[in-house]
Amino acid sequence: MLKRFFIICSGADKKLIYSCSDGEQNKYTGIGATVFFTAVMAFIAASYALYTVFDNIYTSVFFGLVWGLLIFNLDRFIVSTIRKRERFGQELLQATPRIILALIIAVVISKPLEIKIFQKEIDTILLKEKNELAMVNKKQVADYYQSDIDRNKASIDSLKSEIIQKEKEVNELYSTYITEAEGTSGTMKLGKGPVYKEKRDKHDTALAQLDTLRKRNEAKIAAKEAEAVTLRSNLDKKITETQPIIDKFDGLMARINALNKLPLLPSLFIMLLFLAIETAPIIAKLLSPKGEYDFKLEDNEMALKTNLAQNNHQRELMRTTDAGIYDDVYAEIRQDKELYDYKKKKAIELLQMQADSFSEKQKNVM
């Protein structure tokens, strides 16, 4: 049962191959098994690659199965269409486009499995890149909000500076009227005279202004500080919102780029392994000697070509013979007097009808 299945996979003519020896059947069984297992590897590789894209096992398995069947059908077609020739150079020339196609398929199949094999190393590279992206993103978001934060801080500092300046002015006025009362400055008279009262009034006025300014500016400072908290909150929120996008930076393209940053040699060996697997059926077909199946297949093809050539030759003979017969028949008819007189009579009648019709038209015009 398994042997029959692999023979079907090889694309060989079942009627011909079963009429061949066991050795010939085993050769095509091996070729069919190689085609089948190459398709299985393609299915596994495509399913994993698509899983990294869709993150859904059912979707990945479905499209992986479609890809595996496509590779299976393509390999089966390639192997079944290679014919054994008299010279190896002709066979190699015939197989060259198929080998190029096999190379492309091998690269496509090997990449997803390389990603799986080197997953730990790739995850390390991706983690480093995610951290770098997170830092860059945080800096960009901070730069975006920094101008607003700086403007807010400058406003708060300005309001606080106004209070400090006013406090300094009040303190100076306080010192002035105290020293005036002590007689150490101003009029240099001890006691609370008119000058003292004047300076005291200036101080009290400035103190009242200070209280008013402090209340007004503290309210503005509180509002500005609340705005600063909102800006900080928005900054943190923006960073939090963008972080999941960075965390998902592990798709197929990112993993392929990370794979390219690893040493080339291990990846190259894996790709060559898959190339060997993919081209194995073609190479086996090229290297194997012309066997019983090839001779029988060639015999059937030559018999069909000969039959077609004979049929075409017979059709050509029938065509030329019929043409000659009809030439002779019409040559004899041309010499027939009765047919000549009949055609002459009809021609005269037609000319008379044309002449009568022309005459009637001319009369109507006149």
Q. What's the exposure ranking of TYR28, TYR342, TYR51, going from fewest to most Cβ atoms within 10 Å?
A. TYR342, TYR51, TYR28
Q.
Let me check the size of the chain from its C-alpha atoms; what are the radius of gyration and Dmax in Å?
A. 50.7, 171
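Using the Cα centre of segment 308-365 as the reference point, and only Cβ charges (+1 on K/R, -1 on D/E), how large is the resulting charge dipole? Debye, rounded to the nearest 20.
Dipole about the Cα centre, nearest 20: 300 debye.
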Q: Can you tell me the dipole magnitude for segment 267-366 around its Cα centre, using point charges on the Cβ only (Lys, Arg +1; Asp, Glu -1), in Debye to the nearest 20?
A: 460
Q) Pairing the Cα long axis of helix 292-334 with the longest principal axis of the chain, what angle in degrees results, from 0 to 90 and rounded to the nearest 10? A) 60
Q) Which of VAL79, ASN26, MET135 sits farthest toward the positive end of the charge dipole of the chain, with +1 on the Cβ of Lys and Arg and -1 on the Cβ of Asp and Glu? A) MET135
Q | Listed residues VAL61, VAL329, VAL229, most fluctuating in the chain (Gaussian network, C-alpha, under 10 Å) | A | VAL329
Q) Near THR306, within a Cβ-to-Cβ distance under 14 Å, what is the net charge of the other residues, with Lys and Arg +1 and Asp and Glu -1? A) -2
Q: Take ILE104, ILE178 and order them by how many other Cβ atoms sit within 10 Å, fewest up front.
A: ILE104, ILE178
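Using 0.36 nm per residue of separation minus the Cα-Cα distance, give me the extension gain between GLU121 and LYS3 in nm, one decimal.
Working: separation 118, 0.36 × 118 = 42.48 nm, distance 4.13 nm.
Length difference between fully extended and current span is 38.3 nm.
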Q | the chain, dipole about Cα centre (Lys/Arg Cβ +1, Asp/Glu Cβ -1), debye to the nearest 20 | A | 480
Q.
Under the 0.36 nm per residue contour assumption, what length would be gained going from the current alpha-carbon distance of THR306 and ILE256 to full extension?
A. 12.5 nm
Q. With each label point set 7 Å from Cα along the Cα-Cβ vector, what nm distance links ILE348 and ALA208?
A. 14.8
**Q.** Cα gyration tensor, segment 308-365 - rounded (a/c under 1.5), prolate or oblate
**A.** oblate
Q: With springs connecting C-alpha atoms under 10 Å apart, model the chain as a Gaussian network and identify which of ASP356, ASP13, ASP201 has the largest mean-square fluctuation.
A: ASP356
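Each value in this text was obtained by applying a stated rule to the coordinates, not by laboratory testing. Everything numeric in this text was worked out from a predicted model, so none of it was measured. When we count neighbours, we look across all protein chains shown, and the Cβ atoms used for this are built from the backbone with ideal geometry, even at glycine.
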